[in-house]
Amino acid sequence: MIARRVRAFGALRLGAYAATWIIWGSTYLAIRVAVASIPPFLLAGVRSVMAGSILVAIGMARGESKPNRSQVIAAMITGAMFFLVGHGGLFWAEQRVASGPAALMIATEHLWLLGAGALLGRVVATRRAWAGVAIGLAGVAVLTLGGGASGGIDAVGAVVLLVASAAWGLGTLYFTGERKPASQLYAAGIPLLGGGVLLLIASTVFGEPGRVSVGDVPLRAVLALAYLIVFGSVVAFTAYNWLVEREGPSRALSFTYVNPLVAVLLGAALLGEPLSWRIGVSAIAIISAVVLIIGGTTSPTPVSS
């Protein structure tokens, strides 16, 4: 019986990592496809509200332990960080930045988590980790400096992506411990639902609903949105929350160095996005940086399983 439980836990952990590594890597392509026809905040809002509603409804149907008032507030704050700022910024930036470079920029999430975690005493960082920070920042500089002809990316898009990655990294550090509901369904669903509502409000403020007609949205964009809802949010975000609790925030963020490879390869294969020397150098630098950070950081207190 014990052996079966150990095997089951191993398979569950592997599946959770695969969800954040592979599925989230492929969502950059889906976003790129969908945002060509659906305005960014509207797209991100519909994705989050529908996914969050599904998860909360399942949690209620299963009679799972409901979060207390402070946990709901923390989940709403997290939703604003993850989805209004994080996904909203990403979706908006992918109008100006190709999916591969966008994934590389978002890989700096781990740099933000390390810096904030070290300042707050939540993460113990070695010299190896700080070397990773330096290499990662150099990789971002290589990717963003230079004009379009030399392979650089849009400067405004790059800044927005860095802000989005900071929001996700800091939100991961914030939404742990007693702030997080015991139910993984509520822990994933409430931030999605709350963040999605904020995204739809932002979409309305910017007048996005009036710029799109449902009948004009192509099938490929609808399918991309469906993929983002079911796999990108319901499956992968639930898996991510599970990993944060059992593996710790640093290891859970390991998706940041797998996603760029998946995104770059899919973008090149399916959308014909260019593979410039800047992207290659940046990929090596950023991925190396996050590997160094993961190997050089620990939590001062063990994460319960």
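Exactly one residue out of LEU261, LEU270, LEU219, LEU223 is closer than 30 Å to ILE293 by Cα and not acidic (Asp, Glu), and it is LEU261.
Scan region 260-295 for residues that are aliphatic (A, V, I, L, M), open to solvent by less than 50 Å² (accessible area, probe 1.4 Å) and under 18 Å from VAL140 (Cβ atoms) and the total you get is 12.
State whether the residues of region 7-22 include one that is open to solvent by 30 Å² or more (accessible area, probe 1.4 Å), at pLDDT 90 or above and within 27 Å of ILE284 (Cβ to Cβ). Yes, that holds for at least one residue.
The one condition from (1) at pLDDT 80 or above; (2) open to solvent by 10 Å² or more (accessible area, probe 1.4 Å) that PHE82 does not meet is (2). Return a yes/no flag: does region 101-114 have any residue that is open to solvent by 30 Å² or more (accessible area, probe 1.4 Å), assigned to a helix (DSSP H, G or I), out of contact with any helix residue (DSSP H, G or I) (no Cβ under 7 Å at 6 or more places or on another chain) and not hydroxyl-bearing (Ser, Thr, Tyr). No, region 101-114 contains no residue that is open to solvent by 30 Å² or more (accessible area, probe 1.4 Å), assigned to a helix (DSSP H, G or I), out of contact with any helix residue (DSSP H, G or I) (no Cβ under 7 Å at 6 or more places or on another chain) and not hydroxyl-bearing (Ser, Thr, Tyr). One residue alone among SER48, SER70, SER65 is in a helix (DSSP H, G or I) and surrounded by fewer than 22 Cβ atoms within 10 Å (Cβ to Cβ), and that residue is SER70.
Among the helices (runs of 4 or more DSSP H) confined to region 155-234, the ones with at least 2 residues that are over 28 Å from ALA57 (Cα atoms) are located at 155-174.
The values are calculated or read from the model by the stated rules, or taken from the named source; none is laboratory data. Quick caveat, the model's predicted, so the values are computed rather than measured. So basically every Cβ, Gly included, is an ideal-geometry build from the backbone, and we count neighbours across all protein chains shown. Just so you know, the surface numbers come from the protein's heavy atoms only, side chains and all, with ligands and any DNA or RNA stripped out. Shrake-Rupley method; radii C 1.70, N 1.55, O 1.52, S 1.80 Å.
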